Amino acid sequence: MIRLALRTLRRRKGSFVATFVAMTFGAVIVMACGGLMETGIRSDVPPHRLAGAPLVVAGDQSHELPRQNPDDPEEDVESSTLVERVRLDAGLVSTLADVPGVESAVPDVAVPVLLAGAGPVEAHGWASAALRPYATTAGAAPGRGEVVLSDGHRVGDRVEVVVAGRALTFTVSGLVDSPEPLLFLADTDLERISAHPGKVDAIGLRTEPGADLGQVRHEVGEALRGTGAVVLTGDDRGLAEFAGAARASEDLIVLAGVFGGMAISIALFVVATTLGLSIQQRQRELALLRAIGTTPRQLRRMVLGEALVTSLFATTLGSFLGVPFGQWLFDRLAGRGVVPEAMVFSSGWIPMVVAVGSALLITLVAGLVAGHRAARSRPTEALADAALQRRWLSPVRLILAVLCFGGGIALFIVTIAVMTGPIAASTAGPSVLLWAVGLALVGPGVTRVLLAVFRGPVRLVAGVPGYLAALNTRTRTVRMAAVVVPVMLATGTATANIYLQTTMVAVANEAFAESLRADLVLTSSTGGLDPDLVDEVRRVPGVAAASEFAGSTVFVGAPYDDSQTEDGWPVQGISAEGAALTSAVRLSEGSLEDLRGDTVVLPVEQAATLGRGVGDGITMRMGDGAEVDVRIVGLYPAREGFETLLMPAGLVAEHTTLGLPTQILVRAEPGLSPAVLAEELGGLAPGVAVADREAVTAGYAEQQEIGAWINYLMAGMFVAYTAISVVNSLVMATAARRREFGLHRLSGATRAQVMGMMTVEALLTVAIGIVLGTLVTAATLLPFTLVTDGSVLPSGPVWIYLAVAGSATVLALGATLVTTWLALRPRPAEATVAPA
Amino acid sequence: MNAVVRVVDLRRTYGGRDTGVTALDGVTTAFARASFTAVMGPSGSGKSTFLHCAAGLDRPTSGTVLLEDQDLAELSETELTRLRRDRIGFVFQAFNLLPALTVQDNVTLPLRLAGRRPKPALVRQVLEQVGLAERRRNLPAELSGGQQQRVAIARALVTRPAVLFADEPTGALDTRTAAEVLGLLRASVDGAGQTVVMVTHDPVAAAYADRVVFLADGRLVGELLDPTAEVVAERMTHLGAWADRVPTGARR
Ligand SMILES: Nc1ncnc2c1ncn2[C@@H]1O[C@H](COP(=O)(O)OP(=O)(O)O)[C@@H](O)[C@H]1O
Ligand SMILES: [Mg+2]
């Protein structure tokens, strides 16, 4: 049976190619997502500076969320990744040095500095140079007040190094060969400029010659028991070097999971549509087979077998192409700093198996559906004009459609009722698919209704071709629906995803602008600002108020916080002094003036969840995992979805990777132009930039765009995929009408009239597809926009919609007309005798 | 009578109860073994519908079809298909062959569908019977219309069916090639004792049969034994006139 199917494939090159392409690209996308996921799970970050240390000890970045009932063994333990670097006590170095098999234990501390003329670099202690090891190419080790650089200088040069907005001068004592710019100071000097004296970032261990690494690792593990530190080996060691790599790989897993799931659903959809269309076109052949004694089961197996064989080849090809494509995606992500560049993309046999497996599963499902259809073809259709299909709704389709719409409506309601703020976007992905699949299932019926609406005007406007097109589309509604569906999916996916992002960005930008009261913002090019700087700023004439600012993510340790997710709570560190003028937060209870020491201001809602009020104490787990008991000094009504905790800047900064406040928010005296004040503040400290409100909000918007960009990239991938299926199905559907075109020509239609007829048909198809796609988008975005900004329409330029609609039109017209033109090339008589 | 196919009170309506068309309106007849019967009637009289029902391609709305005493209504779709494959041969007016398969592959298709390996001798014999042994490696598109119909007959005969149904097998052919095809059918009846039921509206074609049954508006309206083209033509004209006189109310 399958042999028979494969023999007949030769005659069906067009639909075979279409199916093959749909399957291949589906596998490529699934495979790429699988590769990203494997990369995230492996999170291989080969060490650079620590390459010479076979073992690296670092803080454990993962932590467990508090449980509601710690005594309940049934309750799931949720774990999460800390965003700030978890540091180690310097005392641990000597402990580790004593572990048998350890030759030496060398602490590593990174301090971001600004090297005049070279830009931001990391400063490290000279002892840690032995961990790569870096050899001096010239000069000698740095002594006090001396520095060793990677390049661009000569021994004896004096260089200026800016640390947290303070300039220090060092003499170059030596040079090392390093692929990335680096700077080594004497260990005592480094300790002096470190924001975390007494703490180290990581400890590199060199083992004694001949020592068994596994054994030493075990011993080190024993020595670390109870310290919360972990031993890293191999390509995990880089995690100690690149702060944020752990978090990034977690984000990568989520990203890959979300888009991988979407990829599978869309691929299923596209493959099912393409297979369905190819079955539709083989109706006569299938009916003949039924008539001469092929059982429904045999037909099902034939269709399924053919699909599976095709899929096997397509998927094999796809999974090979998937590796470079995944690498390409990963490189884009790394280029934008979404994942650390040091991370290695790995796509091994697991994503391959997953891609091939899911592609075969997709084919199985799509093939079963198509086979079911094929088996239903009645043998008498072999005699009739089999291309004429009258069935436009089967009970199964109706039931499935109702289920899909039910799911869509449920998501709609859930989004409106339960979700707040940007989280509401998370239902959008499944929502698009549910509505699209639902509409696709009732596609012929919906197409019929819309056709009835469009047909009148078309006949009025488009003359003879319009008349012919109207007739064609009336009798061939089912066939037309098969082409409308991909257009709907493409426009729906594109507009829903793009406007989702533009709306999210707009909402976030608005919330940010609302929260920003400062006229000017000081930032440091090294990331951190000296804690004394804020006092200097306050002394500058014209400054009404100044507040430090540090952002991080914290968790509530106790009491149990029911509303806490594994993402924790964003926290803003601000200064009590000046906060009233620089922060937009207006307390409903308590005072910002009290935000000193170990204190916190909570959103009203959260305090209610915790059952605590002003004056009560709670335990916070800071960004680096440290537990701090804080007193609640105020409550404020937070904007939904943007709940943020407020704490003293010093407290927040102490528990960040940087260890310093990142910004100083400045309010000018009334009547004083911020521009004038900006000039004044600009000269205050080296490496410090002063930006006005516009620049700061623009900077924030740019940040948002980076986040949104990933989604554009992934959505773009899906849109491209669905666009391929639009072209596929239009080419297939049009090419199959060769005989009909010939008949039109024989009965006196000119080539131009046939082209005109097809233009009108294509436009009708696109118009219906766009209307349905818009419907999908509306159903998806409405709950989201209602929740986030209370409006019915998404925020974003209207040209995006027009561009999507325009592209769909161009694509559909192009695919249809080129195929029609090719089909019209043979003389009409030839075309009519050619096998359909 | 040794009837291979027997139909009793066959009715077939299309569409809904009120708006539907009655294509067959109580047809009862039988086809004897090794007989060649032509079914005639004006266009739209229900000939094709009759053939489809009798051959198990379509299910009648009511009435019985017995093939070698097997009631087709008792069979599931799959059983019916198997029966069609093994016991019934079929030739349509056109589109009989899978364009991607060679002559030989088309002919042996029913055997392969049954999971049987075609015996080369049998295949050769059947192809020789229709005079296409040399063309067995050709694709249908490389054959003339008459040759294609002969391939279709070979395919219908390859399973040695109890009965061969043909729906206007010469409808798309010129007189000379039509004669070849009809001669072939005649020969299969005379030589191998094949039972053949053929729908046609061509009196000349009908003259090849042993017996002609006439259909009009879904009813059996007459029968002729040992027909000649002239007699059939005369009856047809009469029938046409008769059909025209039927009040429209007869079509429900
Ligand atoms: N699939 C169908 N749906 C509706 N009516 C049909 C269908 N097939 C045939 N008919 C109607 O049934 C009647 C008999 O048709 P048919 O058996 O094809 O006639 P014949 O083969 O004698 O020309 C005609 O009136 C025809 O319109
Ligand atoms: Mg007919």
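The values are calculated or read from the model by the stated rules, or taken from the named source; none is laboratory data. It should be emphasised that the depicted structure is a prediction, and the values quoted were computed from it without experimental measurement. No Cβ is skipped: glycine too gets one built from the backbone with ideal geometry, and neighbour counts run over all protein chains shown. These accessible areas exclude ligands, DNA and RNA; they are computed on the full protein's heavy atoms, side chains included. Shrake-Rupley method; radii C 1.70, N 1.55, O 1.52, S 1.80 Å.
Values computed for the structure shown
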quantity	calculated
Residue check for A:M732: open to solvent by less than 20 Å² (accessible area, probe 1.4 Å), at pLDDT below 80 and more than 21 Å from A:L450 (Cβ to Cβ)	no
Some residue of region B:169-179 being away from ligand 1 (no atom under 16 Å from the Cβ), closer than 28 Å to B:T28 by Cβ and more than 14 Å from every other protein chain (Cβ to nearest Cβ)	no
Of all residues making up region B:26-67, the number that are open to solvent by 20 Å² or more (accessible area, probe 1.4 Å), within 16 Å of ligand 2 (Cβ to nearest atom) and touching a residue at least 60 places away in the same chain (Cβ under 8 Å)	3
Those residues of region A:562-593 which are over 36 Å from the mean Cα position of the chain (by Cα) and of a type in the set (S, T, Y), in sequence order	A:S588, A:S591
Exclusive hit being closer than 28 Å to A:M714 by Cβ, in the same structural domain as A:E761 (by TED's automatic domain parsing) and not polar (S, T, N, Q), set A:V453, A:V461, A:V414	A:V414
Residue list for region A:557-575, restricted to those being modelled with pLDDT of 85 or more, of a type in the set (A, V, I, L, M) and either over 12 Å from A:E643 (Cβ atoms) or outside any strand (DSSP E or B) (or both)	A:I574
Of all residues in region B:42-74 being within 13 Å of ligand 1 (Cβ to nearest atom) and over 25 Å from B:V232 (Cα atoms), the one that is farthest from the other protein chains (Cβ to nearest Cβ)	B:T61
Selected residue (only one of B:V130, B:V158, B:V126 is in contact with a helix residue (DSSP H, G or I) (Cβ under 6 Å, 6 or more places away or on another chain), open to solvent by less than 10 Å² (accessible area, probe 1.4 Å), over 19 Å from A:L299 (Cα atoms) and within 14 Å of chain A (Cβ to nearest Cβ))	B:V158
Criterion violated by B:Q70 - all others in (1) away from ligand 2 (no atom under 16 Å from the Cβ); (2) touching a strand residue (DSSP E or B) at 6+ places or on another chain (Cβ under 9 Å); (3) free of Cβ contacts under 8 Å to residues at least 40 places away in the same chain satisfied	(2)
Close pairs from region B:81-102: first closer than 11 Å to B:Q149 by Cβ, partner part of a loop (DSSP other than H, G, I, E, B) and within 16 Å of ligand 2 (Cβ to nearest atom), Cβ under 6 Å, at least 6 apart	B:V91/B:P169; B:F92/A:L383; B:Q93/B:E168; B:Q93/B:G171; B:Q93/B:A172; B:A94/B:A172
Tabulated pairs, region A:284-300, first free of Cβ contacts under 8 Å to residues at least 60 places away in the same chain and at the interface with chain B (Cβ under 7 Å from one of its Cβ atoms), second crowded, with 24+ Cβ neighbours inside 10 Å and aromatic (F, W, Y), C-beta under 7 angstrom, 6+ apart or interchain	A:I292/B:F90
When residues of region A:736-754 are limited to those that are surrounded by fewer than 18 Cβ atoms within 10 Å (Cβ to Cβ) and of a type in the set (A, V, I, L, M, F, W, C), the one nearest to A:L817 (Cα to Cα)	A:A752
Region A:93-107, residues that are outside any loop (DSSP other than H, G, I, E, B) and open to solvent by 50 Å² or more (accessible area, probe 1.4 Å)	A:S94, A:T95, A:E103
Of all residues making up region B:201-227, the number that are crowded, with 18+ Cβ neighbours inside 10 Å and on the phi > 0 side of the Ramachandran plot	2
Residues of region A:662-708 classified as more than 28 Å from A:L333 (Cα to Cα), outside the structural domain of A:D535 (by TED's automatic domain parsing) and acidic (D, E), total	1
Residue ID - most open to solvent (accessible area, probe 1.4 Å), chosen from residues in region B:77-119 that are of a type in the set (S, T, Y) and within 8 Å of another protein chain (Cβ to nearest Cβ)	B:T78
Of all residues making up region A:643-668, the number that are in a loop (DSSP other than H, G, I, E, B) and touching a Pro at 6+ places or on another chain (Cβ under 8 Å)	5
Those helices (runs of 4 or more DSSP H) lying entirely in region A:720-836 with at least 3 residues within 21 Å of A:T493 (Cβ to Cβ)	A:751-789, A:798-824
Subset of region A:685-700 [buried (at least 16 other Cβ atoms within 10 Å of the Cβ) and among the hydrophobic types (A, V, I, L, M, F, W, C)]	A:A685, A:V688, A:V690, A:A691, A:V696
Single match in B:V213, B:V199 (criterion: out of contact with any Gly (no Cβ under 6 Å at 6 or more places or on another chain), within 16 Å of ligand 2 (Cβ to nearest atom) and within 14 Å of chain A (Cβ to nearest Cβ))	B:V199
Filtered residue count, region A:786-797, keeping only those that are at pLDDT 80 or above and buried (at least 20 other Cβ atoms within 10 Å of the Cβ)	1
Qualifying position, being open to solvent by less than 40 Å² (accessible area, probe 1.4 Å) and more than 16 Å from ligand 2 (Cβ to nearest atom), among B:R150, B:R176, B:R186	B:R150
Residue satisfying all of: in region B:1-40; small (G, A, S) and farther than 14 Å from B:V197 by Cα; farthest from ligand 1 (Cβ to nearest atom) among these	B:G26
